[in-house]
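The values are calculated or read from the model by the stated rules, or taken from the named source; none is laboratory data. The structure presented is a predicted model; accordingly, all values stated were derived computationally and were not measured. Every residue, glycine as well, gets a Cβ built from its backbone with ideal geometry; the counts of neighbours run over all protein chains shown. Heavy atoms of the whole protein, side chains included, go into the accessibility calculation; ligands, DNA and RNA do not. Shrake-Rupley method; radii C 1.70, N 1.55, O 1.52, S 1.80 Å.
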Amino acid sequence: MPAPRRPLPPLNSADLERYALRYVERYATTRAKLAAYLSRKLCERGWEGEKSPDPEALAERMAGLGYVDDRLYAESKAGAMARRGLGARRVREALRFAGVEEADAAALAPALAAEALASAIVFARRRRIGPYAREVADRALQEKQMAAMIRAGHAPGLARAIVRMAPGEDPETTFGGA
């Protein structure tokens, strides 16, 4: 039977800063995600310092030093999600969940709108929907495919148009280029 582990000592300000540096070194993150991580570590280990810890201030300081950049995080996350075939609504929700401020997310809206058709086509190709299906889908399957595209963040009209396309039809010519 293994010996019981002794509890870890409470954190001090140097430990908290080390945790913050290690986190931003390993992960692309936002100020909100970094502050949440530091708060979680404080709950796990406790605090030993003379004044109360401020994870939000430490996250702001990391952003001031250039270790955390919410706008850059939003751009890379949005690009990666669009390349995977996810739509603008799903991308905006992921950015909101990650703590990206509304101004930074709104700055990406034109780029997301420009890539809407391309990401919908990527999603349809990956899931074998519409023009990428092996055979014409019946009405029930079309409804399921359309629901999947809407859950992926694509506009209902675009999803409907892609789902109703015949297998083998070229979406680039149908929609005027992707």
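Some notes on this structure:
- For ARG89, neighbours were defined as the other residues whose beta-carbon sits under 11 Å from its Cβ, and their charges (Lys and Arg +1, Asp and Glu -1) total +3.
- Annotation for the stretch 31-140: GluC sites (Glu not before Pro) lying in DSSP loop with at most 14 further Cβ atoms inside 10 Å of their Cβ are GLU48, GLU50, GLU135.
- Ignoring lysines fewer than eight residues from LYS41 along the same chain, the ones with Cα atoms less than 18 angstrom from its Cα are LYS33, LYS51.
- Taking a sphere under 13 Å around the Cβ of ALA78 and counting the other residues whose Cβ falls inside, with K and R at +1 and D and E at -1, yields a net charge of +3.
- Annotation: amide H of LEU11 within the under-5 Å range of GLY46, TRP47, GLU48, sequence separation 5 or more or interchain, hydrogens built in the peptide plane.
- In plain terms, if you count all Cα to Cα distances in the chain and split them into 10 Å steps from zero, the share in each step is 9, 28, 21, 17, 14, 8, 2 percent.
- Of the solvent-accessible surface of the chain, computed with a 1.4 Å probe and all protein chains present, 53% belongs to carbon and sulfur.
- Cα pair distances exceeding 17 angstrom across the stretch 115-178, given as percent: 26 percent
- Accessible surface, the chain, averaged per residue in Å² (probe 1.4 Å): 63 Å²
- Three principal axis extents of the stretch 30-102 based on alpha-carbon atoms, in descending order, are 49, 25, 18 Å.
- Eligible lysines near LYS144 by straight Cα distance, threshold 28 Å, same-chain separation 8 or greater: LYS77
- Separation between Cα centres of the stretch 46-71 and the stretch 110-178, rounded to whole Å: 43 Å
- Calculated from backbone phi, Karplus (6.51, -1.76, 1.60) coupling profile of the stretch 5-11 in Hz, x at Gly/Pro: 7, 7, x, 6, x, x, 7
- Summed residue charge, Cβ within 14 Å of ASN12's Cβ, Lys/Arg positive, Asp/Glu negative: -1
- Lys/Arg +1, Asp/Glu -1 at C-beta; the chain dipole; positive extreme among THR173, GLN142, ALA35: GLN142
- Loop-exposed trypsin sites (Lys or Arg not before Pro) per DSSP, neighbour cap 15 Cβ within 10 angstrom, longest uninterrupted part of the chain: 6-50
- Over the chain, Cα pairs under 8 Å with separation of 6+ residues give a relative contact order of 18 percent.
- If R0 equals 35 Å, the separation of the Cβ atoms of ARG84 and ALA3 corresponds to a calculated FRET efficiency of about 0.15.
- Shape summary of the stretch 88-136, radius of gyration then Dmax from alpha carbon positions: 14.1, 44 Å.
- About its Cα centre, the chain has a charge dipole of approximately 780 debye under the convention of +1 per Lys or Arg Cβ and -1 per Asp or Glu Cβ, with nothing else charged.
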